[in-house]
Amino acid sequence: MTKRPIENKNYVEYIQGSLPIIISAPHGGAHEPKNIPNRVNGVFDMDDYTKELTYNILQEFFTQTKCFPHTILMNLSRKKVDANRAINEATSDNHEAISSYKRFHQFIQDAKINVDKKFQKGLYIDIHGQSHEHQHIEFGYLLFNDTLKLKDAQLEKHQEHSSIKTLGKFSDKCFIEQLKGESSISGLMNQNNFKAIPSDDMPYAKCGNYFEGAFNTKTYSSQDNGSISSIQAEFPYVGCRDTKENRQKTAKAFVQSLIEYMEIHFNLDIKN
């Protein structure tokens, strides 16, 4: 791995980047210190190899742009801390767990301030893993699967409730194109041979299994009318996370797609 600027505090790793992109991986950690009790409520499953995939994405960003995105990783197991939930569900009443949770979110907030100050616009992506039968990457915009089934004219009315609410301030593309068109992140991944939802080919999950985005995507979205939009990225296990080769291939396509996405919708040439 190319050398990166790292700050590691309270089981949280922060790579301070220089791109208008923030990436977090809340569920890839495996540390289970005995002094932190297990959580008693919520989901406890680890998103296998999402930490490794995030490292691959970092390396690929450096390969293609010579820069890093701001990146925040939770190294504690989800059994100890769920960094994608509100704090009352995220931790047991333990000082170290609470401190790690707060550190994770403080790093994201700091990164948002840095990106907004430097670029006045940017993108936040929360990395996750799923094993739904459709085997598509899922990009979540805080819109339910049933909402994605709507006709475009009806779907467009939900822009105000989406995590990319203010993207139209920077992009000359309409909301439907931003969400599922050829220049959406799904459309660009399709062009790189990775099937994704929502897209022209698969506007919604026909099996019904789709993650629209959770706490982090909502908290750091542009629903606050700010300049940072957010997307939850859910990568299937088979073909994306299961092997080193597939993680590298996925990362290369994802970074290439993000470079194009930033140029099209944010008018930012981060490759040069």
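The values are calculated or read from the model by the stated rules, or taken from the named source; none is laboratory data. Quick caveat: nothing in here was measured; it's all calculated off a predicted structure. Cβ placement follows ideal geometry from the backbone for every residue including glycine, while neighbour counts extend to all protein chains displayed.
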Identify, please: which residue in the stretch 179-189 is in a helix (DSSP H, G or I) and small (Gly, Ala, Ser) and is, among those, surrounded by the fewest Cβ atoms within 10 Å (Cβ to Cβ)? Gly187
State which residue is nearest to Asp242 (Cα to Cα) when the search covers only the stretch 26-85 and only residues that are surrounded by 15 or more Cβ atoms within 10 Å (Cβ to Cβ) and β-branched (Val, Ile, Thr). Thr50
From the options Asn216, Asn193, residue that is at positive phi and not small (Gly, Ala, Ser): Asn193
Under 7 Å by Cβ, and 6 or more places apart or on different chains, what pairs join a residue from the stretch 38-57 that is farther than 14 Å from Ala25 by Cα with one that is of a type in the set (D, E, K, R) and part of a helix (DSSP H, G or I)? Asn41/Glu89; Gly42/Glu89
If you go through the stretch 16-29 one residue at a time, how many are under 21 Å from Leu268 (Cβ atoms) and either modelled with pLDDT under 95 or not in a strand (DSSP E or B) (or both)? 5
Residues that are of a type in the set (Asp, Glu), crowded, with 20+ Cβ neighbours inside 10 Å and over 12 Å from His265 (Cβ atoms): does the stretch 212-229 have at least one? yes
For the subset of the stretch 97-132 comprising residues that are of a type in the set (D, E, K, R) and under 22 Å from Gly187 (Cβ atoms), which member is farthest from the chain's Cα centre (by Cα)? Lys121
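Residue-by-condition table, conditions (1) within 18 Å of Thr219 (Cβ to Cβ); (2) out of contact with any strand residue (DSSP E or B) (no Cβ under 6 Å at 6 or more places or on another chain); (3) not charged (D, E, K, R):
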site	(1), (2), (3)
Glu13	no, no, no
Ile22	yes, no, yes
Ala30	no, yes, yes
Asn41	no, yes, yes
Arg85	yes, yes, no
Thr91	yes, no, yes
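Report, by residue number, each residue of the stretch 146-178 that is charged (D, E, K, R) and either part of a helix (DSSP H, G or I) or more than 20 Å from Tyr261 (Cα to Cα) (or both).
Asp146, Lys149, Lys151, Asp152, Glu156, Lys157, Glu160, Lys169, Glu177
Can Asp146 be described as charged (D, E, K, R), under 24 Å from Ile87 (Cα atoms) and in contact with a Phe, Trp or Tyr (Cβ under 9 Å, 6 or more places away or on another chain)? Talk me through it step by step, then tell me what you get.
Working: charged (D, E, K, R): yes; under 24 Å from Ile87 (Cα atoms): no; in contact with a Phe, Trp or Tyr (Cβ under 9 Å, 6 or more places away or on another chain): yes.
Considered against the rule, which asks whether it is charged (D, E, K, R), under 24 Å from Ile87 (Cα atoms) and in contact with a Phe, Trp or Tyr (Cβ under 9 Å, 6 or more places away or on another chain), Asp146 comes out as no.
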Just to be sure I understand, how many residues within the stretch 234-272 are under 18 Å from the mean Cα position of the chain (by Cα) and free of Cβ contacts under 8 Å to residues at least 40 places away in the same chain? 1
I need every pair where a residue in the stretch 120-143 that is without any contact (Cβ under 8 Å) to a residue 12 or more places away in the chain has its Cβ under 6 Å from the Cβ of a residue that is of a type in the set (D, E, K, R) and assigned to a strand (DSSP E or B), sequence separation at least 6 or different chains. none
